[in-house]
1. Hey, does the stretch 89-98 have a residue that's closer than 24 Å to Ile126 by Cα, away from the ligand (no atom under 16 Å from the Cβ), of a type in the set (A, V, I, L, M) and not assigned by TED's automatic domain parsing to the domain that holds Leu153?
2. Just to be sure before I move on: is Gln25 closer than 26 Å to Tyr149 by Cβ, under 16 Å from the mean Cα position of the chain (by Cα), open to solvent by 70 Å² or more (accessible area, probe 1.4 Å) and without any contact (Cβ under 8 Å) to a residue 40 or more places away in the chain in the structure I sent?
3. Is it the case that the stretch 4-19 has a residue that's assigned to a strand (DSSP E or B), surrounded by 10 or more Cβ atoms within 10 Å (Cβ to Cβ) and not hydrophobic (A, V, I, L, M, F, W, C)?
4. Filter the stretch 56-66 for residues that are surrounded by fewer than 16 Cβ atoms within 10 Å (Cβ to Cβ) and either assigned to a loop (DSSP other than H, G, I, E, B) or near the ligand (Cβ under 7 Å from one of its atoms) (or both) and give the result.
5. In this structure, does Lys103 turn out to be in a helix (DSSP H, G or I), closer than 30 Å to Leu153 by Cα and free of Cβ contacts under 8 Å to residues at least 12 places away in the same chain?
6. Out of Gln32, Gln40, report the one residue that is closer than 29 Å to Tyr149 by Cβ, open to solvent by less than 100 Å² (accessible area, probe 1.4 Å), touching a strand residue (DSSP E or B) at 6+ places or on another chain (Cβ under 6 Å) and touching a residue at least 24 places away in the same chain (Cβ under 8 Å).
7. Among the candidates Ala69, Ala124, Ala117, single out the residue that is touching a residue at least 60 places away in the same chain (Cβ under 8 Å) and open to solvent by less than 80 Å² (accessible area, probe 1.4 Å).
8. Return a yes/no flag: does the stretch 20-39 have any residue that is more than 9 Å from the ligand (Cβ to nearest atom), assigned to a loop (DSSP other than H, G, I, E, B) and of a type outside the set (Lys, Arg).
Amino acid sequence: MTEILLKYFRTKQQEVQSEKRYDTQCPFCSMQCKMQLLEQTIVTRKKYMTIGKDNPTSEGRLCIKGMNAHQHALHKDRIKYPLLKKNGEFVRISWEEALSHIKENFTKIQAEDGVNALSVYGSASISNEEAYLLGKFARVALKTKYIDYNGRLCMSAAASAASQT
Ligand code: SF4
């Protein structure tokens, strides 16, 4: 009897109750590979899979970063609201409090050490429009001359590691 019940529940655990498909694209590099994210509900848990879609640059292939890109958005440890360290512990604060804290500290740093004491670090994952706004924010709002993006650190390092291996 126990064997039959176990077999029944094991089979049940493999059954897909519902399935959703989302058309999306990888945000990680300039290839911007197209993909579909497949979300399957099995009992109470969700299972995800990525399927590459045809596009002129990578012809439907995805690299390992793209295959796992969704984990950034869905990970349980993802930070979804501002946190401030108080007495050694991170505590949740409002967006208003976070922005005023940032403004206060940015103003103080620039008053003490000059406008170029702050720098802006962009991302290969942002859109052209966001990159434009980031540039404006650096040059017009902060007035800093230091602006760069993660390609200098992450992709250059990856390229030299790849060529050496
Ligand atoms: S799947 Fe890989 S190659 Fe394609 S956009 Fe993402 S990081 Fe770039």
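1. Yes.
2. The answer is yes for Gln25.
3. Yes, some residue in the stretch 4-19 is assigned to a strand (DSSP E or B), surrounded by 10 or more Cβ atoms within 10 Å (Cβ to Cβ) and not hydrophobic (A, V, I, L, M, F, W, C).
4. Pro56, Thr57, Glu59, Gly60, Arg61, Cys63, Lys65
5. For Lys103, the condition - in a helix (DSSP H, G or I), closer than 30 Å to Leu153 by Cα and free of Cβ contacts under 8 Å to residues at least 12 places away in the same chain - is met.
6. Exactly one residue qualifies, and that residue is Gln32.
7. Ala124
8. no
The values are calculated or read from the model by the stated rules, or taken from the named source; none is laboratory data. Computed from a predicted model, the values in this text were never measured in an experiment. Cβ coordinates were reconstructed from backbone atoms using ideal geometry, including for glycine residues, and neighbour counts include every protein chain displayed. Note: areas computed on protein heavy atoms with side chains; ligands, DNA, RNA excluded. Shrake-Rupley method; radii C 1.70, N 1.55, O 1.52, S 1.80 Å.
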